[in-house]
Amino acid sequence: MLRGLESRCPAIRLLRIAVEHVNGNRYAPVPGKIPGTELNLGGVIFIAAPFNLDGVQEAMTVLETLKDAKSVKDSLRGTSQVLLISLRRNYPDLTLDELLPLIDLGNWHKALMAVCNASGLEFTSGEPMPASR
């Protein structure tokens with residue numbers, strides 16, 4: 001949305017340049033950034049905030065669809081969407097198309113687990129715990 005406005009309004013382009021200069025990157029955080037987990041994605045430092053209630057519902061919906069993912073590509077895109085739900089709390093202008101080039105196989109799993117754990121969604125590997133002990 002803003003990209004189209006930049007071409008029509010030089011003031012918006014100037015604002016984006018100023019934000020990039022001040023922050024060291026072009027993703028401006030919301031004033032009073034929500035505390036969270038620091039993530040280095042493609043050399044850009046982001047603060048991934050815990051999910052709010054809407055975010056939990058949205059993330060769980062995406063995670064449920066991953067069970068039926070037909071390819072690794074679909075799986076990686078879905079997990080990237082979950083990461084974006086968290087990042088949008090501090091970087092509301094960030095899009096999936098902007099995020100995908102910053103994610104690589106070395107950081108996507110760590111970033112996803114950090115966001116989910118910070119939000120109280122604990123995932124463990126192996127067998128589930130027995131119902132009673």
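Considering only residues that are assigned to a loop (DSSP other than H, G, I, E, B) and touching a residue at least 40 places away in the same chain (Cβ under 8 Å), which ones fall in segment 28-42?
Of segment 28-42, the ones assigned to a loop (DSSP other than H, G, I, E, B) are 28-36, 42.
Matches in segment 28-42: 28, 29, 30, 33, 34, 36, 42.
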Residue 79 being out of contact with any Cys (no Cβ under 6 Å at 6 or more places or on another chain) and open to solvent by less than 70 Å² (accessible area, probe 1.4 Å): yes
In segment 103-118, residue most open to solvent (accessible area, probe 1.4 Å) [restricted to those that are under 14 Å from residue 76 (Cβ atoms) and not hydrophobic (A, V, I, L, M, F, W, C)]: 110
Residue check, residue 6 of a type in the set (D, E, K, R), surrounded by 12 or more Cβ atoms within 10 Å (Cβ to Cβ) and modelled with pLDDT under 85: yes
Residue within segment 62-74 that is in contact with a Leu (Cβ under 8 Å, 6 or more places away or on another chain), open to solvent by less than 50 Å² (accessible area, probe 1.4 Å), at pLDDT 85 or above and not in a loop (DSSP other than H, G, I, E, B) present: no
Filter result (under 19 Å from residue 43 (Cβ atoms) and of a type in the set (Lys, Arg)) within segment 69-115: 110
Hits in segment 82-102 - residues which are touching a residue at least 40 places away in the same chain (Cβ under 8 Å), touching a helix residue (DSSP H, G or I) at 6+ places or on another chain (Cβ under 8 Å) and open to solvent by 30 Å² or more (accessible area, probe 1.4 Å): 89, 93
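Given the criteria open to solvent by 20 Å² or more (accessible area, probe 1.4 Å), closer than 14 Å to residue 109 by Cα and without any contact (Cβ under 8 Å) to a residue 24 or more places away in the chain, does residue 57 qualify?
Working: open to solvent by 20 Å² or more (accessible area, probe 1.4 Å): yes; closer than 14 Å to residue 109 by Cα: no; without any contact (Cβ under 8 Å) to a residue 24 or more places away in the chain: yes.
For residue 57, the condition - open to solvent by 20 Å² or more (accessible area, probe 1.4 Å), closer than 14 Å to residue 109 by Cα and without any contact (Cβ under 8 Å) to a residue 24 or more places away in the chain - is not met.
The values are calculated or read from the model by the stated rules, or taken from the named source; none is laboratory data. Computed from a predicted structure; not experimentally measured. Counting neighbours? That spans all protein chains shown, and the Cβs are built from the backbone with ideal geometry, glycine included. Accessible surface areas use protein heavy atoms only, side chains included; no ligands, DNA or RNA. Shrake-Rupley method; radii C 1.70, N 1.55, O 1.52, S 1.80 Å.
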